[in-house]
């Protein structure tokens, strides 16, 4: 029994071992930081020159003429579906500014002065909550798990992203993108089919409404034949009940109103309710790029410093046979 107790480690000993391990890790990390600081200080001239070069590059890349702005819009689809819209969008996403045949100037019928400022065009699926059909988020990574049964890809809308150098040209680009989609043959065919379907539904409701109204008039003014009958040991003189059709009429009116409402919003195969909304903060802002330049410059200077101090060891290692 005593031998078993000597082999057991109590809780306090485990806690003490854990904190000792944390202490060793902390000391090692602090020693590493001290070594890095000393190394950079020994090669401070190299560090200053490297950081200055990277900051100059960051300043150049974030100059006003090279700044990239992000504009996004939710596109509502009428007749077609999201997958078809994304397939059509690939024609705009895969373009080349050097090849006239597949350039955006040719595809969107835009002047070269506008097309050259377009950096990229992308489309994404919109993820919606299945229970109420409300949009939840945009699948920017295009890798939404199919196993999720609560949130699904919405079929009646896609999210469009435009990146450009000149935000003043966004309305012109937006009009060209809408024209490109709405002139697509597949889009137009599916859109016209959907409109014809709603027109037919409205016509059927109108015809059925007239038929039921005529039937109701006949039923309302038709005299019921009085009948004598025994029921539960009682003599009953025929009941004068009229068949009412208001439930059928209300249901037809509801179907017709719903079809007319949907038809009223079917103006184009694709509609941008709010248009492209521009983010005024550029993707490659000066402050962001300068901070990134300092961090990257210090990292590169650190690698060069390590290479300088260990160059002899590296040469000796490479010369070993």
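The values are calculated or read from the model by the stated rules, or taken from the named source; none is laboratory data. All values derive from a computational prediction rather than experimental measurement. Counting neighbours? That spans all protein chains shown, and the Cβs are built from the backbone with ideal geometry, glycine included.
In the set 46, 40, 22, only one residue is free of Cβ contacts under 8 Å to residues at least 40 places away in the same chain, assigned by TED's automatic domain parsing to the domain that holds residue 288, in a helix (DSSP H, G or I) and out of contact with any strand residue (DSSP E or B) (no Cβ under 7 Å at 6 or more places or on another chain); that residue is 22. Looking only at region 75-91, residues that are part of a helix (DSSP H, G or I) and within 17 Å of the chain's Cα centre (by Cα) come to 9 in all.
Residues that are surrounded by 18 or more Cβ atoms within 10 Å (Cβ to Cβ) and within 15 Å of residue 305 (Cα to Cα) were ranked within region 44-74; the one that is nearest to the chain's Cα centre (by Cα) is 51. Remark: pairs (first residue in region 310-321, within 26 Å of residue 42 (Cα to Cα); second residue assigned to a helix (DSSP H, G or I); Cβ separation under 8 Å; 6+ apart in sequence or on different chains) = 314/307.
Listed by position, the helices (runs of 4 or more DSSP H) contained in region 230-321 that have at least 3 residues being under 24 Å from residue 159 (Cα atoms) and at pLDDT 85 or above are 246-264. Would region 193-203 turn up any residue that is without any contact (Cβ under 8 Å) to a residue 12 or more places away in the chain and closer than 20 Å to residue 120 by Cα? No, region 193-203 contains no residue that is without any contact (Cβ under 8 Å) to a residue 12 or more places away in the chain and closer than 20 Å to residue 120 by Cα.
For region 154-175, enumerate the residues that are closer than 29 Å to residue 260 by Cα and buried (at least 16 other Cβ atoms within 10 Å of the Cβ). Within region 154-175, 154, 155, 156, 157, 158, 159, 160, 174 meet the criteria.
Listed conditions (1) surrounded by 15 or more Cβ atoms within 10 Å (Cβ to Cβ); (2) farther than 17 Å from residue 70 by Cβ; (3) over 20 Å from the mean Cα position of the chain (by Cα) are all met by residue 111, apart from (1).
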